[in-house]
Amino acid sequence: MAGLFNGTKKHVATYTDPATTEISSILQGGYHHPLLRQWQNERQLTKSSLIYPLFITDNEDEVTPIPSLPKQNRWGVNKVVPYVESLVAKGLKAVILFGVPLAEGSKDEYGTAADDPNGPVISTIRALRKTCPDLFIMCDVCMCEYTSHGHCGILREDGSIIREESVRRLAAIAVNYAKAGAHCVAPSDMVDGRVLAIKRGLIDASLAHQCMLMSYSAKFSGNLYGPFRDAAGSAPSFGDRKCYQLPPGGRGLARRAIVRDLAEGADAIMVKPSTFYLDIVSDAKEIAKDVPICTYQVSGEYAMLHAAAEKGVVDLKTIAFEAAYGCLRAGATLIVSYFTPDFLDWLDEL
C-alpha cells in the first residue's frame with residue numbers, strides 16, 4: 001500500500017485485514033507439536049484398540065507364510081502360542097481365531113470340525129488361556145472354513161441356506177468355544193437369526209455372563225476377501241455369498257441388521273470391510289450408541305496397502321496409521337487389523 005507523506009517525513013501506512021480482527025483462533029497453534037497432533041484425535045489409537053486375527057491349522061507344528069497376505073502365516077497351536085506370547089510382551093491385548101482344517105476328510109456338509117474338542121480353535125483357546133491368562137480371546141463363528149462346499153451354513157439341494165438348521169449349528173459352535181474359554185464369540189456368517197440363537201445358547205449354558213457376543217452385523221460381499229480365503233481355504237466350491245452377505249450399496253440393509261442384532265442380544269457390533277464402508281461405521285455408532293463398534297480391515301485392504309508401499313506410492317507406516325484413524329474417526333472403538341504386530345512397535349515410537 002502506498003506510504004502517507006507529512007512534509008519531508010515519510011509515514012508508512014499499515015493495512016489491517018478485517019478478517020484478522022474477527023478470527024476466533026489460529027488453528028495451527030493447536031497442532032504445531034507432535035503431542036498436540038495426538039491430542040487432536042477424538043479417539044486415540046491404542047494397543048487396547050487392536051485385535052489381531054490368527055489362522056490356526058490342524059497341523060500342530062505348522063508355520064506357513066500366506067503369499068497373498070504379506071507377513072502373515074498359518075499357525076499350528078504349538079507354534080502360535082510362543083508367537084503370541086512374544087506379542088503379549090509388547091502389549092497385545094486381543095486376538096481373534098480362525099480355524100483352518102487341512103487334514104484330508106476334515107470337512108463335511110455340517111462343518112463338524114468347527115467345534116472339534118481336539119481341533120485347532122478349541123485347542124488354541126485352551127493353550128492361550130493357560131500361557132497368556134490376561135489375553136482377550138475372540139473366536140470367529142462361521143462354517144465356511146469347515147464345510148465341504150465352502151458356504152456359511154447348511155444347504156438345501158438347490159444351494160440355498162437352511163436357516164433354522166444353520167443357526168442351531170452356529171449356536172452350538174459358539175457355545176462350545178465359550179465352554180473352552182473364549183471371552184468373545186463373533187458370528188460372521190450373516191445367517192438371519194443367529195445372534196438370538198447364540199445368545200439363548202449362552203444363557204442356557206450359563207455362559208452369557210462371561211462371554212461377549214460381537215456380531216458381524218454389517219458384513220458386505222465384495223472383492224476384498226481373496227487373501228483371507230487363500231489363508232483359510234474357505235472359498236465356496238460353487239456360487240458366491242451374495243444372497244446372505246450384504247450388497248455393497250445396501251446401507252439400509254446394514255442399518256436394519258444392526259438394529260435387529262442389538263434387539264437379539266449383541267453386545268458389540270462389527271462392520272466389515274472398513275475403508276470403503278466408513279459411512280456404515282458412522283451409522284453403526286449412531287444406531288448402537290451404547291455398545292463397542294468394531295471394524296475389520298480385511299485382507300484385501302491390508303494387501304493393497306502393502307502393494308502400494310512396495311511400489312513406492314505410499315509409506316507403509318504412515319498409510320497404516322491414516323487408515324486406522326479413518327476407522328476411529330468414523331466411530332469405531334476397536335479395529336481388527338493384520339497390522340497389529342507392527343502397531344505394537346510403532347505405537348511405542350510415538
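The values are calculated or read from the model by the stated rules, or taken from the named source; none is laboratory data. Predicted model only: the values in this text are computed from it and were never measured. Here the Cβ is made from the backbone with ideal geometry for all residues, glycine too, and neighbour counts use every protein chain on show. Protein only, heavy atoms only, side chains kept; ligands, DNA and RNA dropped before computing areas. Shrake-Rupley method; radii C 1.70, N 1.55, O 1.52, S 1.80 Å.
Annotations for the structure displayed:
- The requirement of being within 21 Å of Phe220 (Cβ to Cβ), among the β-branched types (Val, Ile, Thr) and touching a residue at least 40 places away in the same chain (Cβ under 8 Å) is not satisfied by Val167.
- Whichever residue in the stretch 122-146 is open to solvent by 10 Å² or more (accessible area, probe 1.4 Å) and polar (S, T, N, Q) and, among such residues, is nearest to the chain's Cα centre (by Cα): Ser123
- Subset of the stretch 151-202 [under 15 Å from Ile137 (Cβ atoms) and part of a strand (DSSP E or B)]: Cys184, Val185, Ala186
- Cβ-Cβ contacts under 6 Å between residues 6 or more apart (or on different chains), taken from a first residue in the stretch 188-206 that is basic (Lys, Arg) to a second residue that is part of a helix (DSSP H, G or I), are listed as Arg194/Val167; Arg194/Leu170.
- Some residue of the stretch 232-252 being modelled with pLDDT under 95, part of a helix (DSSP H, G or I) and under 26 Å from Ile154 (Cβ atoms): yes
- Among (1) modelled with pLDDT under 95; (2) touching a strand residue (DSSP E or B) at 6+ places or on another chain (Cβ under 9 Å); (3) over 19 Å from Met270 (Cα atoms), the one test that Glu157 misses: (2)
- Summed over the stretch 78-115, the residues that are at pLDDT 95 or above and open to solvent by 30 Å² or more (accessible area, probe 1.4 Å) give a count of 10.
- Residue count, the stretch 209-222 (criterion: open to solvent by 10 Å² or more (accessible area, probe 1.4 Å), in contact (Cβ under 8 Å) with a residue 12 or more places away in the chain and not in a strand (DSSP E or B)): 3
- Within the stretch 329-347, residues that are more than 14 Å from Leu69 (Cβ to Cβ) and without any contact (Cβ under 8 Å) to a residue 60 or more places away in the chain reach partners that are part of a helix (DSSP H, G or I) and of a type in the set (S, T, N, Q) with beta carbons closer than 8 Å, at six or more positions or on different chains, in the pairs Ala330/Ser282; Gly331/Ser282.
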